[in-house]
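A short write-up of the structure that comes next.
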Amino acid sequence: MKSKIYVLIGPPGAGKGTQAKNIANLKDFVLISTGDLLRENVERKTELGMTAKSYMDKGELVPTDLVARMIKANIKANIGKNGFLFDGFPRDLSQNTLLGEMLKEFDLEVDKVIYINVKDDAIYERLTNRRVCPKCKRVYHMKYNRPKHDEECDDCKVSLITRDDDKLDVIKKRLEVYHSLTQPLVDHFEKIGKISRIDGERTPREVEAEILSVI
Ligand code: AP5
C-alpha cells in the first residue's frame, strides 16, 4: 500500500506543532517537522545547525538546500510506512516543487494539505506566551495550557524556556515571511483543490477533531 502524504501549513504559532505530534501518534504517521529537525541541529551544534541558527534567530527562512538534505534522508529512511505528516515544509513554491520531485522518486505525491488559519493578532498572543521544555520539548501556553507549577515542565520538572525566535521583532519578521512566501503556496494548493481549511482559533481538541475528519 502507498504511503499517504499530508502537509500541515499555517502561520507561525497556528498550532501546527501541537497538532502534528498528536495526529502523527494517533494515525501512526512519520512526522517530519523541519523546525524541530533544525532546532535539534542547533542544539547539537552541527555545521548545519550553526548556519541555520543565524537565519532562524532573524525570523528568515533557512536556505532550502540545507532543509532539503534533512527531508530527503527522512523520507528515504521511512519509505513504506503508513503515512507522512509534514510540518513546516514546504514553505514556499520552490520547496513545493522540490518536495514533488522527491516524492516522485518513490511514486508518491501530496494527498492533502491541511491549512490551520489563525489571525495575526492571535499569533502574537500565542507566541509571546509560549514556553517549551528544553528536555522533552513539550509546548505550553502560559494562559491556555499552563504547567502545573509556575514555568516548570510537568513531566521533566525542569524550568521552561522561551524560544529565541519568540521575541516580538522576530515574530513580526516571521509573519512577514509567512505572508510573502507561504501565502502564495496556500493559494496554489487552493487552486489545485488539495487544501482543507481549518479554523485554528478554537480549542486544540476542536482543531484536532476537524483535522482527523479530513484525513
Ligand atoms: P517552525 O518551528 O516551523 O516555526 P513556525 O512555522 O513559525 O511555527 P511555530 O513552531 O512557531 O508554531 P506552531 O504552528 O507549531 O505552533 P505551536 O503548536 O507551537 O520554524 C522555525 C524556523 O525554522 C523558521 O522561522 C525558519 O527559520 C526555519 N524553518 C523551518 N522550516 C523551514 C523550511 N521548510 N525552510 C526554511 N526554513 C525553515 O503553538 C504555538 C502556541 O500556541 C503554543 O504556546 C501552544 O500551546 C498554543 N496553542 C496551540 N494551539 C492552540 C489553540 N488551539 N488555542 C490556543 N493556544 C494554542
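The values are calculated or read from the model by the stated rules, or taken from the named source; none is laboratory data. As the structure is a prediction and not an experimental result, all values here were calculated from the model. Every residue, glycine as well, gets a Cβ built from its backbone with ideal geometry; the counts of neighbours run over all protein chains shown.
Okay, here's what the table says:
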{"quantity": "Count of region 41-56 residues which are surrounded by fewer than 15 Cβ atoms within 10 Å (Cβ to Cβ), in contact with a helix residue (DSSP H, G or I) (Cβ under 8 Å, 6 or more places away or on another chain) and of a type in the set (D, E, K, R)", "calculated": "1"}
{"quantity": "Every residue from region 57-91 that is of a type in the set (Asp, Glu), surrounded by fewer than 19 Cβ atoms within 10 Å (Cβ to Cβ) and either in contact with a Phe, Trp or Tyr (Cβ under 6 Å, 6 or more places away or on another chain) or in contact (Cβ under 8 Å) with a residue 60 or more places away in the chain (or both)", "calculated": "Asp57, Glu60"}
{"quantity": "Single unsatisfied condition, Arg126 versus (1) near the ligand (Cβ under 9 Å from one of its atoms); (2) touching a strand residue (DSSP E or B) at 6+ places or on another chain (Cβ under 8 Å); (3) at pLDDT 95 or above; (4) over 15 Å from Gly10 (Cα atoms)", "calculated": "(4)"}
{"quantity": "Output for region 173-200, where each listed residue is part of a helix (DSSP H, G or I) and away from the ligand (no atom under 12 Å from the Cβ)", "calculated": "His179, Ser180, Gln183, Pro184, Val186, Asp187, His188, Phe189, Glu190, Lys191"}
{"quantity": "Residue ID - nearest to the ligand (Cβ to nearest atom), chosen from residues in region 6-30 that are outside any helix (DSSP H, G or I) and surrounded by fewer than 22 Cβ atoms within 10 Å (Cβ to Cβ)", "calculated": "Val30"}
{"quantity": "Restricting region 129-151 to residues that are surrounded by 16 or more Cβ atoms within 10 Å (Cβ to Cβ) and farther than 24 Å from Leu61 by Cβ, the residue that is nearest to the ligand (Cβ to nearest atom)", "calculated": "His141"}
{"quantity": "Test: residue in region 74-95 that is β-branched (Val, Ile, Thr) and either in contact with a helix residue (DSSP H, G or I) (Cβ under 9 Å, 6 or more places away or on another chain) or within 7 Å of the ligand (Cβ to nearest atom) (or both)", "calculated": "yes"}
{"quantity": "Boolean, Lys104 is surrounded by fewer than 19 Cβ atoms within 10 Å (Cβ to Cβ), within 13 Å of Val30 (Cα to Cα) and of a type outside the set (S, T, N, Q)", "calculated": "no"}
{"quantity": "When residues of region 201-215 are limited to those that are more than 29 Å from Lys58 (Cβ to Cβ) and not in a helix (DSSP H, G or I), the one farthest from the ligand (Cβ to nearest atom)", "calculated": "Ile215"}
{"quantity": "Thr182 surrounded by 14 or more Cβ atoms within 10 Å (Cβ to Cβ), over 30 Å from Lys4 (Cβ atoms) and out of contact with any helix residue (DSSP H, G or I) (no Cβ under 8 Å at 6 or more places or on another chain)", "calculated": "no"}
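So that you can scan it fast, the table gives a plain yes or no per residue for (1) β-branched (Val, Ile, Thr); (2) within 13 Å of Tyr6 (Cβ to Cβ):
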site: Ala73; (1), (2): no, no
site: Ala77; (1), (2): no, no
site: Asn82; (1), (2): no, yes
site: Arg91; (1), (2): no, no
site: Ser94; (1), (2): no, no
site: Thr97; (1), (2): yes, no
site: Met102; (1), (2): no, no
site: Leu108; (1), (2): no, yes
